[in-house]
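Asks: Quick one: the structure is below, questions incoming.
The values are calculated or read from the model by the stated rules, or taken from the named source; none is laboratory data. What you see is a predicted model; the values in this text were computed from it and never measured. A quick note on method: Cβ atoms are made from the backbone with ideal geometry, for glycine too, and the neighbour counts reach across all protein chains shown.
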């Protein structure tokens, strides 16, 4: 993808297949607005400002905005710190997917990057 990303998405999915993504818990950070919001499985909740005492929440997780951080590294990479509190419905094994969309609309698609077990 060329150019700066417009939005950066982080996704937690309860299965191992991308077809479950539309209804899976997600958190999204926008480089344009600097805000974080959470996907409920049906809609995006109201975006939250990093650094505040609130949380970007969904029924499955909450992103702690007081500890969320976004920083550009010397090599041009964007480093995101997602302090996430998982709720009871998220207990179990999950796949973590990431996605980026740049200002021209170029889309990386969902990329499977890791496994996570919530206990």
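Listed here are the residues, each with its yes/no results for (1) at pLDDT below 85; (2) surrounded by 12 or more Cβ atoms within 10 Å (Cβ to Cβ).
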site	(1), (2)
12	yes, yes
16	yes, no
42	yes, no
53	yes, no
61	yes, yes
86	no, yes
96	no, yes
115	no, no
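Asks: When residues of region 98-113 are filtered for being within 17 Å of residue 21 (Cα to Cα) and loosely packed, with under 11 Cβ neighbours inside 10 Å, how many remain?
Replies: Result for region 98-113: 1.
Asks: Of all residues in region 52-61, which are in a loop (DSSP other than H, G, I, E, B) and closer than 25 Å to residue 118 by Cα?
Replies: Answer for region 52-61, where residues must be in a loop (DSSP other than H, G, I, E, B) and closer than 25 Å to residue 118 by Cα: 53, 54, 58, 59, 60.
Asks: Look through region 63-84, keep the residues that are assigned to a loop (DSSP other than H, G, I, E, B) and touching a residue at least 12 places away in the same chain (Cβ under 8 Å), and return whichever of them is surrounded by the most Cβ atoms within 10 Å (Cβ to Cβ).
Replies: Taking the candidates together, the pick is 68.
Asks: Something else: Taking residue 20, is it assigned to a strand (DSSP E or B), more than 15 Å from the chain's Cα centre (by Cα) and surrounded by fewer than 18 Cβ atoms within 10 Å (Cβ to Cβ)?
Replies: no
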